[in-house]
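Notes follow once the structure below has been shown.
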Amino acid sequence: MTARATFNRMEESTKEDWGLIVPEAMKMARSLPDRVIAHLQLLDGDYGGFPIDRYSHSLQTATLALKDGRDEEYVVCALLHDIGDTLGSFNHPDIAAAILKPFVSEANLWMVQNHGIFQGYNFFHHIGLNRDMRDMFNGHEHYERTAEFIALYDNPAFDPQGEIFPISTFEPMLRRLMATPKNSVYKAAIDKELATT
């Protein structure tokens with residue numbers, strides 16, 4: 001049996017307790033890519049009325065970005081942009097952004113977090129919403145980047161005849177991206193722990 005901390009409240013914890021907890025947390029962190037891929041695969045077979053299932057859409061979006069020469073971080077953002085569909089039925093971009101936040105640039109994070117409103121330009125008018133809702137972000141430094149993501153990768157990735165690379169194409173990129181967080185309040189502790197393992 002693995003040793004465990006004995007406190008009942010965080011304020012009662014000791015350095016020794018955290019000496020037990022941190023290595024376990026790092027094991028969990030190292031398996032994050034496995035859990036992300038498994039969660040992404042929950043979208044397989046989930047059509048939701050769309051021409052292709054959500055998993056294929058995610059792969060197709062990433063395929064288009066990769067074929068266009070985008071860097072790995074951008075391609076992984078394209079792959080995971082709709083991963084929140086299963087848990088965030090009304091705010092899926094927020095879920096994707098939360099998963100990616102420790103690992104990506106501010107520009108890519110903003111793009112993922114706001115892609116739903118930008119994609120709305122293509123369909124909001126069909127469901128009684130303002131298709132120009134994205135215009136509330138006019139002048140934002142990442143507006144054009146996000147509009148381009150929709151136009152080049154997200155919007156055209158509902159094509160049943162379109163090319164779709166398998167998850168094995170993207171898995172190494174995802175693993176490299178999630179190997180070390182760039183943006184985390186815990187970054188110093190994580191870097192220290194990674195250096196000793």
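Every number in this text was worked out from the coordinates using simple rules, so none of it is lab data. Remember, it's a predicted structure, so these values are computed and weren't measured experimentally. Please note: Cβ atoms are built from the backbone with ideal geometry, for glycine as well, and neighbour counts cover all protein chains shown.
Observations
- Cut-off 14 Å, label 7 Å out along Cα→Cβ of Thr2, residues of segment 13-31 by amide N: 18-31
- Note on Ser13 and Asp44: their simple-model spin labels are 3.6 nm apart, each label 7 Å out from Cα toward Cβ.
- Point-charge dipole on Cβ atoms (K/R +1, D/E -1) for segment 18-114, about Cα centre, debye to 20: 180 debye
- Cα shape, segment 1-116, gyration tensor, a/c 1.5 rule: prolate
- Overall shape: rounded for segment 66-165, with the ratio a/c of the largest to smallest alpha carbon gyration tensor axis below 1.5.
- Pairs of lysine residues in the chain - Cα separation under 22 Å, sequence separation of 8 or more or cross-chain: 11
- The dipole here belongs to the chain: it is taken about the Cα centre, uses +1 on the Cβ of Lys and Arg and -1 on the Cβ of Asp and Glu, and is about 480 debye.
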